[in-house]
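Structure, as structure tokens:
The values are calculated or read from the model by the stated rules, or taken from the named source; none is laboratory data. Values in this document were obtained by computation on a predicted structure and should not be read as measured data. With ideal geometry, Cβ positions are generated from the backbone for all residues, glycine too; neighbour counts draw on all protein chains shown.
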Amino acid sequence: MKCPFCQSNLSKVKDKRAVLRRGEIRRRRECLKCSKRFTTYEILAEIEILVIKKDGKKEPYEREKLQRGLNRALEKRPGVDRVESILDRIESRIRTKHLQEIPSQTLGKWVLSELKKLDPVAYLRFASVYRTFSDPKDFKKELETL
């Protein structure tokens, strides 16, 4: 670790703490050359997860993309403050199953199950895009399953 003040590679850790946000570790360091202190943050490098689209193409999983979809579904609805926890649960599910590739249909089903528990209107909004509703009858069928 280079000192940001003198660029020396010699430093010692004075304090180490876990940060509550997703497993970061905060280290307070002191440069052994100039004696100035600085802070570093250490996070676990995550394994890249690939999403397999309907057409067979693979693309990297993007939390932000899923977050935008959830935000649209929950727009002006109660529960918009729970988007982060929904995303965390979905990502935890991916990690516990040790998946490096996941079909987009599976992701969609997991999101729908989370939204079904949270808000039926948001569930319908997401389902209409996810399942590409083309007719009002599609909404009626989905409402009957709720």
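Computed values, structure above
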quantity	calculated
Residues of the range 10-24 satisfying the condition of being in contact with a strand residue (DSSP E or B) (Cβ under 9 Å, 6 or more places away or on another chain) and either closer than 20 Å to ARG63 by Cβ or modelled with pLDDT of 90 or more (or both)	LEU10, SER11, LYS12, VAL13, LYS14, ASP15, LYS16, VAL19, GLU24
In the range 100-128, the residues that are of a type in the set (A, V, I, L, M, F, W, C) and within 19 Å of GLY79 (Cα to Cα)	TRP110, VAL111, LEU112, LEU115, LEU118, VAL121, ALA122, LEU124, PHE126, ALA127
Residues located in the range 126-146, provided they are hydroxyl-bearing (Ser, Thr, Tyr) and part of a helix (DSSP H, G or I)	SER128, TYR130, THR145
Qualifying residue in the range 70-83 (condition: at positive phi and either surrounded by 11 or more Cβ atoms within 10 Å (Cβ to Cβ) or outside any loop (DSSP other than H, G, I, E, B) (or both))	yes
Subset of the range 89-142 (residues that are in contact (Cβ under 8 Å) with a residue 24 or more places away in the chain and among the acidic types (Asp, Glu))	GLU91, GLU101, GLU114, ASP119
Extreme residue, nearest to LYS53 (Cα to Cα), among residues of the range 94-146 that are acidic (Asp, Glu) and within 16 Å of the chain's Cα centre (by Cα)	GLU101
Search result, residues across the range 25-40 that are under 28 Å from ARG63 (Cα atoms) and surrounded by 13 or more Cβ atoms within 10 Å (Cβ to Cβ)	ILE25, ARG26, ARG27, THR40
Strands (runs of 3 or more DSSP E) contained in the range 1-67 and holding at least 2 residues closer than 20 Å to THR96 by Cβ	50-52
Within the range 35-47, tally of residues that are at pLDDT 85 or above and farther than 17 Å from LEU20 by Cα	4
